[in-house]
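Data block below; observations after.
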Amino acid sequence: MELAGRPNVADYFPLLKWFDPQGLRRKTQFHVNKAFDIVGAFLKERIEKRQNEGGGMKKEKDYLDVLLEYGEVDSGCFQKFSSTAINVVVFEMFTAGTDTTTSTLEWAMAELLKNQKLLEKVQHEIRSVIAQGNKITEKDIDNLPYLKAVINETLRLHPPLPFLVPHMAMKSCNMFQYDIPKETQVLVNVWAIGRDPNAWKDPLEFKPERFVESNTRLDYKGQHFEYLPFGSGRRMCHAVPLVSRVLPLALGSVLHSFDWALPDGIRAEALDMRERMGITLRKQIALKAIPMALKA
Ligand code: HEM
């Protein structure tokens, strides 16, 4: 992820592409190969296990089982995925899904620890819906509008992919009064769009309320152009249904089960919120937070 986010001089002088002057392509390829070997080992192990179990038609399947079984039922219509295809898909899920989700959770916790009142408000909502000792489940999420609003607001101020993923114009076109020649690389600055004072009131303030009160029912499905943390159109993030469950479950669980404090010596209002630029937008200084057991 670090190498993918590093500025590459060859993007500005395409002639240099073949020389790979900073060695970025070479170094990235080294790590990609390593990751492929790791995924390849999972895959081999699972295929062997399924063969030993005799077809592996077990009741509980995970993602890898589904990929391996794809096409087995109706071989007339589908071809099975090759090992290489599965390897690529699993690799892509890890690379696209890891930093994005963890960065959102880290920023959400940081914003809440910085705004104790909001932290109390969201914890109050969660704890009044889910009794102490119980766990949050997917079906609880719809009853937690403020928790969802905290996540929405985090994605507005801290979109994990601030420039989306680079796009390329397939043909010359004119969009929003800009002439875009064929094969131009286009970066969409959703970070700036989310902070645009023409679109947002008090744009720099962390106010989850705006998503609860909003009459427009703003969402991140790619149709509201002032709010595009997952992009828009046919290359937008296809994990939105997964992420809209995983983020509230993960954040809700830690907020439900523990009280939280900053380490000694760090005042909430002085919490460092600087960003570190890369392909994903991380906190420059990793958040440290202390979980405290709830009193029975
Ligand atoms: C908070 C979490 C996430 C955010 C904010 C996010 C955001 C995005 C964005 C902005 C794009 C590019 C859209 C564009 O350029 O128009 C993208 C693409 C993608 N995302 Fe996500 N993502 C998240 C989580 C995930 C997860 C968990 C997975 C997989 C399990 C995933 C898989 C992908 C893939 C495979 C693509 C490439 C799609 C394509 O090029 O067709 N993302 N995501």
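We did not get these values from a lab; they are worked out from the coordinates using the rules stated. All values reported here derive from a predicted model rather than from experimental measurement. Using ideal geometry, Cβ is built from the backbone for each residue, glycine included, and neighbour counts are taken over all protein chains shown.
In this structure, the residue pairs whose Cα-Cα separation is over 18 Å, taken from K121/K148; K117/K207; K201/K221; K114/K207; K201/K283, are K201/K221; K201/K283. Ordered by the number of other Cβ atoms lying within 10 Å of each residue's own Cβ, fewest first, K117, K135 fall into the sequence K117, K135. Convex hull volume per residue, computed on the Cα atoms of the chain, equals 206 Å³.
Give the cross-link partners of K27 among the lysines, using a straight C-alpha distance below 16 Å as the criterion and excluding same-chain residues fewer than 8 apart. Partners within reach: K17. Dividing the Cα radius of gyration of segment 117-186 by 2.2 N^0.38 Å, with N the residue count, gives 1.87. Relative to one another, the C-alpha centroids of segment 90-121 and segment 161-195 are positioned 26 Å apart. Between the beta carbons of R235 and E183, assuming R0 = 22 Å, the FRET efficiency works out to 0.85 to the nearest 0.05. Overall, segment 157-296 carries a charge dipole of about 420 debye about its Cα centre when +1 sits on the Cβ of Lys and Arg and -1 on the Cβ of Asp and Glu, all other atoms neutral.
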